[in-house]
Amino acid sequence: YVAAVYEHESILSPSPAAPVERRSALELMARNLDVYEQQALAAARQGAQIIVFPEDGIHGFNFTRSSIYPYLDFIPHSQSGKWNPCREPYLFNDTEVVQRLSCMALKNKIFLVANLGSKQPCERTDPGCPADGRYQFNTNVALAADGTLLATYRKHNLYFEYAFDTPPEPDYAFFDTPFAGKFGMFTCFDILFFEPAVSLVRQYNLKQIVYPTAWMNQLPLLSAVEFQQAFATAFNVNILAANIHHPTLGMTGSGIYTPVKSFIYHNMESYGGKLIVAEIPVITTDYKTNLEKTPGRVSEKGKEQSPPSFHAEMMYDNFTFVPVWGEKGELRVCANSLCCYLNYQRAVLTDELYALGVFDGLHTVHGTYYVQACALVKCGGLSFSTCGQEVTDATALIDFQLWGNMSTSYIFPLLLTSGITLDFADHMGWKNNHYFLSKNRTSSGLLTAALYGRWYEKD
């Protein structure tokens, strides 16, 4: 099928915390919706059957609970039956934004997914009802090509979003399409948690995901395109990911991903939006890696003469590292119950320092979640203290096999190359209770090769 995602540079309110009337809120949002309209038309002209827009793209961010109120639409939670906002605008008040989105879908005969703020009045008798008598949700809507509202999703894992409430129960949101079957839907930070993202994919055996996001890149392990691809690979799904474009805030990185190929956009240099349109195969069956055919061995070698280990902070976590010296070698580094191993060979020795790092513990900055990670990274400079820094360019071509005795089955394979580009492993999977990733010769200099394990039970 042909899919489109639009990385949108949103027109933001100059003072989001200041109270405004609904009328001026609608005026600001209309300017963003005008851009959406052009992009939906452009995508449809290129044959796209579905288009995805980013999180916060219509209203922006940095609101307070009260200042966002004029920007919120009323959206009946999807169980309320068939509603076509474009054709039946009179059914509910305060639905101007969803009406425009619905008409956009209808006019271009395209399935459309967008993110907006929504409100829902609640009764004082509801123990969860906020003091102001309403819930405010960070909401995705999915609209059919005839404008019908197919599904809504209320973001569950909020990322410092004081204007919004967490829904009482996680939403499992999906919708049906004639061209690719069911699509699941979640938002931004949700991708790092079991509920509802993993649960949704597993429970409903979904193979296509739509993913609005407003993601601040964090190298070396959590840049947007890197993790979006890892999720597609780990769960054998296609992901249509639309990020917002604000390079000054470190926000860029969108794409259309299959488990083995990606069409991405990552641009920290220039301004303006970007439409990506790509044709991808519908995934219908489970793709199982045949682990028996894999070359290479998982050995306990590398204990003999590992260089000295050292500690450095990476992604706000205290990693234990060993330097990757010389043109080839076998290394091992451990923390808690996790041991990481690396066999490597460099084509040419460059004056770049690489290190193999391990972390097995609770990550506690900007969210709390348990991580088990084995990571081969390029350091920021030549001293040990620079390992774990954000690096965007590299020249070293390294053949490697990386493996670890991970305690969780949820492993996200990361493979990031120079200029924030993606590469794909030659082989990966489980062997002898270890998860491994191997690659001969990356397409360009290696930035990060990692096994990012999420041990959800220990969150």
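The values are calculated or read from the model by the stated rules, or taken from the named source; none is laboratory data. Quantities reported herein were computed from a predicted structural model and do not represent experimental measurements. When we count neighbours, we look across all protein chains shown, and the Cβ atoms used for this are built from the backbone with ideal geometry, even at glycine. Remember, those area values only see protein heavy atoms, side chains included, never the ligands or the DNA or RNA. Shrake-Rupley method; radii C 1.70, N 1.55, O 1.52, S 1.80 Å.
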Listed peptides 346-352, 445-451 by packing density, highest first (mean Cβ within 10 Å): 445-451, 346-352
Length gained when the stretch residue 125-residue 24 is fully extended (0.36 nm per residue, less Cα-Cα span): 33.0 nm
Simple label model, 7 Å out from Cα along Cβ direction - residue 82 to residue 365, nm: 5.2
Gyration tensor over alpha-carbon atoms, the chain, equivalent ellipsoid semi-axes in Å: 41, 22, 20
Stokes-Einstein D (µm²/s) once Rh is taken as the Kirkwood radius of the range 67-126 over alpha-carbon pairs, at 4 °C in 1.567 mPa s: 102
Antiparallel bridge percentage (DSSP; both residues within the chain; nearest 5): 85
Percent breakdown of C-alpha pair distances by 5 Å bin, ordered from the shortest bin, for the range 359-459: 3, 13, 21, 21, 20, 15, 7, 1
Full-extension gain in nm, residue 260 to residue 15, via 0.36 nm per residue minus C-alpha separation: 83.9 nm
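Select from the range 203-284 those trypsin sites (Lys or Arg not before Pro) which occupy a DSSP coil region and have at most 15 other Cβ atoms within 10 Å, ordered by residue number.
For trypsin sites (Lys or Arg not before Pro) across the range 203-284 that sit outside H, G, I, E and B with at most 15 neighbouring Cβ atoms in 10 Å, the list reads 261.
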At most 15 other Cβ within 10 Å, DSSP loop - trypsin sites (Lys or Arg not before Pro), the range 411-459: 441
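Scanning the chain for helices, which whole DSSP H stretches are 30 Å or more long along the axis (Cα) and average -0.5 or more by Kyte-Doolittle?
Values: long enough: 22-45 (33 Å, -0.38).
For the chain, where a helix must reach 30 Å along its axis and average at least -0.5, the hits are 22-45.
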Heavy-atom accessible area order for 455, 83, largest first, 1.4 Å probe: 455, 83
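Cα convex hull of the range 147-256: mean projected area in nm², to one decimal? Walk me through the numbers before you get to the answer.
Details: hull surface 30.9 nm².
Its average projected convex-hull area is 7.7 nm².
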Accessible surface of the range 2-279, 1.4 Å probe, proportion on carbon and sulfur as whole %: 53
Point-to-point label distance, residue 393-residue 45, nm (Cα→Cβ direction, 7 Å offset): 3.6
Mean Cβ neighbour count within 10 Å, used as a protection proxy, ranking 10-18, 419-427 highest first: 419-427, 10-18
Greater than 26 Å apart at Cα, pairs in 261/378; 261/439; 261/431; 107/207; 207/261: 107/207
Mean accessible surface per residue for the chain, computed with a 1.4 Å probe while every protein chain stays in place, in Å²: 40
Computed label-point distance, nm, for sites residue 270 and residue 182 using a 7 Å Cα→Cβ extension: 4.1
